Amino acid sequence: MAKLFFRYGAMGSSKTANALMVEYNYRERGKKALLAKPMTDSRDGKLVIKSRIGLERPCVLVEDMVLMSDETIKSYDCIIVDEAQFCTKEQIEMLVHYVDDLDIPVICYGLRADFRNELFPGSMWLLAWADVIEEIKTVCWCGKAAKCNARFNDNGIIREGDQVCLGGNSSYIALCRKHSREGNLGPNFRELLKEFNP
């Protein structure tokens, strides 16, 4: 029986690398996995999923999957969606259809909450409807579990602004709840920023 999975984690928890490894595992066994992402994620190109460590694969857009027939979708053994937090309710409903009616497993990767610790729309519906919810863990600079995605600039943590602002190590950092609330980016923050953003 197929299931809908939601694997979430804070920024830098290797969600995309995990998604690409799962797709590779399917291919290695002679199976077909469809990689997809919402068009909102345009950082690495329209039809590419790329992890921070350099792994990358071609993909389709979730928005274009609406145009695919059920017969086409049934030709895949699995559907893997990266950056699923950017999906709409209707797109999550489409993924539920693939699982419940076409018996195809769907594995979604994404953030649970934004920089204000508010749920993204796609994440909210995945938390409501997923059969399996798993956290991909990462750590704060202090060593505690990082649950928060802090947006920052040269002046420190940013607490206001649009929910979606694409970026990586140069604008987001994963923090534990305490240090996110305090606005504490850590004692070596500037050095780490230089190391990962030369």
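Among the residues of segment 1-49 satisfying the criterion of being out of contact with any strand residue (DSSP E or B) (no Cβ under 8 Å at 6 or more places or on another chain), not charged (D, E, K, R) and not in a helix (DSSP H, G or I), which is farthest from residue 136 (Cα to Cα)?
Among residues in segment 1-49 that are out of contact with any strand residue (DSSP E or B) (no Cβ under 8 Å at 6 or more places or on another chain), not charged (D, E, K, R) and not in a helix (DSSP H, G or I), the one farthest from residue 136 (Cα to Cα) is 30.
So which pairs qualify, if the first residue must be in segment 171-187 and assigned to a loop (DSSP other than H, G, I, E, B), the second must be among the polar types (S, T, N, Q), the Cβ gap must be under 8 Å, and the two must be at least 6 apart or on different chains?
Filtered contacts from segment 171-187: 171/153.
Looking only at segment 50-66, count how many residues are of a type in the set (A, V, I, L, M, F, W, C) and either part of a helix (DSSP H, G or I) or open to solvent by less than 10 Å² (accessible area, probe 1.4 Å) (or both). Spell out the reasoning first.
The first filter runs over segment 50-66 and keeps only residues of a type in the set (A, V, I, L, M, F, W, C), leaving 53, 55, 59-62, 65-66.
When the remaining residues are screened for being either part of a helix (DSSP H, G or I) or open to solvent by less than 10 Å² (accessible area, probe 1.4 Å) (or both), the result is 61-62, 65.
Of the residues in segment 50-66, 3 are of a type in the set (A, V, I, L, M, F, W, C) and either part of a helix (DSSP H, G or I) or open to solvent by less than 10 Å² (accessible area, probe 1.4 Å) (or both).
Which one of 107, 133, 92 is among the hydrophobic types (A, V, I, L, M, F, W, C) and not in a strand (DSSP E or B)? Before the answer, list the steps.
On the way: 107 fails: not in a strand (DSSP E or B); 133 fails: not in a strand (DSSP E or B).
Within the list 107, 133, 92, the selection yields 92.
If only one of 120, 86, 115 is among the aromatic types (Phe, Trp, Tyr), touching an Asp or Glu at 6+ places or on another chain (Cβ under 7 Å), farther than 14 Å from residue 36 by Cα and in contact (Cβ under 8 Å) with a residue 12 or more places away in the chain, which one is it?
120
Of (1) open to solvent by less than 80 Å² (accessible area, probe 1.4 Å); (2) in a helix (DSSP H, G or I), residue 124 satisfies all except one. Which?
It is condition (1) that residue 124 fails.
When only residues in segment 95-121 that are β-branched (Val, Ile, Thr) and within 17 Å of the chain's Cα centre (by Cα) count, which is surrounded by the most Cβ atoms within 10 Å (Cβ to Cβ)? Walk me through it before giving the result.
The first filter runs over segment 95-121 and keeps only residues β-branched (Val, Ile, Thr), leaving 96, 99, 104, 106-107.
Pick out the ones that are also within 17 Å of the chain's Cα centre (by Cα) and you get 106-107.
Numbers: 106: 28, 107: 24.
Result: 106.
Mind checking which residues of segment 25-49 are free of Cβ contacts under 8 Å to residues at least 12 places away in the same chain and open to solvent by 60 Å² or more (accessible area, probe 1.4 Å)? So that I can check it myself, show each step before the final result.
So the first thing to find is which residues in segment 25-49 are free of Cβ contacts under 8 Å to residues at least 12 places away in the same chain, and the list is 25, 27-30, 45, 48.
Listed by number, the residues that qualify are 25, 27, 28, 29, 30.
The values are calculated or read from the model by the stated rules, or taken from the named source; none is laboratory data. Here the structure is a predicted model, which is why all the values come from computation and not from measurement. As a convention, Cβ positions derive from the backbone with ideal geometry for all residues, glycine included, and neighbour counts pool all protein chains shown. Heavy atoms of the whole protein, side chains included, go into the accessibility calculation; ligands, DNA and RNA do not. Shrake-Rupley method; radii C 1.70, N 1.55, O 1.52, S 1.80 Å.
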